[in-house]
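To start, the structure under review is shown below, and the notes come after it.
Since every read-out is calculated from the coordinates, none of them should be taken as a lab result. Source: prediction; values computed, not measured. Heads up, the Cβs are rebuilt from the backbone with ideal geometry, glycines too, and the neighbour counts pull from every protein chain shown.
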Amino acid sequence: MAVTNHDSELDIDPMFISTHNDLWLRLGSCGTWWTGPQRVAAMSEVRAAFECDLCSERSEALSPLMIEGVHDSVSELPPEAVDLVHRLTTDPGRLTQPWANTIIDVLGEERYVEIVTVVCVQYVIESFARNLGLPLPDLPEAGDGIPNHVRPTDVGDVGAWVSQTVDKKLANVSRAASLVPDTEVLWRDLVQCHYSRGPQFAELVWDRALARPQVELLASTVSALNECFY
Amino acid sequence: MRYAESAVQRDSDLTESRTRLLRLIGPQALVEASATVSAFEGLNRIADATGIQLDAGLADESADFRNDLGINSYAGAVNTKSNGSPDRADSVLGIFR
């Protein structure tokens, strides 16, 4: 099944269809730190998180760490990876650095960043489909290959929880996943398609079906609901 | 706004919200709305999971209203070390300096 449905009566811009289909396949390919099957396993955990009893209980709690338990996992991924995927999926506004450090201590910061990026790309594509009433696609086929574990040389401590490129060209969020460039590029392609669209980003007036103030108001609403400080 | 709320909170009235919005703004604008909502679902997550700080320009831009809006009480606020000084950038890109 195509990721974004061509047959929708909404007449979806082909830009979304081609970008989503391309990125979906690449999500399943071998990464720099995780294999293709492991990345697809992480994607299966994103879907499982919505049905997870522990995630549901934690989302109702004053603090998620008040509730102990085991996630309803559907993969063989390490428990720290499962916890990362489930919490990032269902309760992103209450992640903390001490918690992240416990995950990073086990997985390593590169694996942490790669899995975060995979989850975020998947989340955007699936959210787009859900919000338009389109069916979710089957998970991608897992690609072959062995992760090459290549860490970029231009990364360091720039004040975030994980190493990032020290070369600040644009917003900090645009370099959030720069520790794993081969996966980060998926994220960049997706944000370009959905939001920034090249030089348009610097303009106050956008030639789109929604005006820029309308887009930014929607963006602010989403960020407030997720309690995202950035 | 109701459509965004329904989408983010995965409310049972998402279909109704979408239908109402489609009637109001048409299919192309609805698709743009969905693209924006989903993009920021992802942007919020990647920002929160990597613990990035506000850009200096963004901190300045929001210094005079973050507290009033309750944004400084969000969990992610502790990641940003400087509150910034109230100031307005003269361009979009200036916000992200």
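By the beta carbon rule, with partners counted only under 4.7 Å, chain A holds these lone Cys residues: A:C30, A:C120, A:C193, A:C228.
Applying 0.36 nm per residue to the separation of A:N148 and A:M15 and subtracting their alpha-carbon distance, the gain on full extension is 44.8 nm. Simple point charges give the picture: +1 on the Cβ of Lys and Arg, -1 on the Cβ of Asp and Glu, and for segment A:85-230 a dipole about the Cα centre of about 440 debye. Full extension of the chain between A:R188 and A:D138 gives 15.7 nm of extra length, using 0.36 nm per residue less the Cα-Cα distance. Shielding value for A:214-221 is 6, the average number of Cβ atoms from other chains within 10 Å of each residue's Cβ. Sequence-distant contacts, meaning Cα pairs under 8 Å at least 6 residues apart, place the relative contact order of chain B at 25 percent.
When you count the other C-beta atoms within 10 angstrom of each residue and take the mean per peptide, A:109-122, A:148-161, A:41-54, A:13-26 line up highest first as A:109-122, A:41-54, A:13-26, A:148-161. A simple rule links phi to the HN-Hα coupling: the Karplus curve 6.51 cos²θ - 1.76 cosθ + 1.60 with θ = phi - 60°, which for segment B:5-16 gives 4, 4, 5, 5, 8, 6, 6, 6, 9, 4, 4, 5 Hz, with x for Gly and Pro. Using R0 = 22 Å, the C-beta based FRET efficiency linking B:A77 and A:V106 works out to 0.25.
Here's the picture: charge each Lys and Arg Cβ at +1 and each Asp and Glu Cβ at -1 in segment A:1-150, and of A:T102, A:F16, A:M43 the one pushed furthest to the positive end of that dipole is A:T102. Does a label point 7 Å from the Cα of A:E76, set along Cα-to-beta-carbon, have any residues of segment A:40-58 with amide nitrogen under 16 Å, and which are they? So the set is A:40-45. Using the Cβ of A:E184 as centre and a radius below 11 Å, the other residues enclosed give a net charge of -1, where K and R count +1 and D and E count -1.
Mean sequence separation of contacting Cα pairs (under 8 Å, at least six apart), scaled by the length of chain A, corresponds to a relative contact order of 24 percent.
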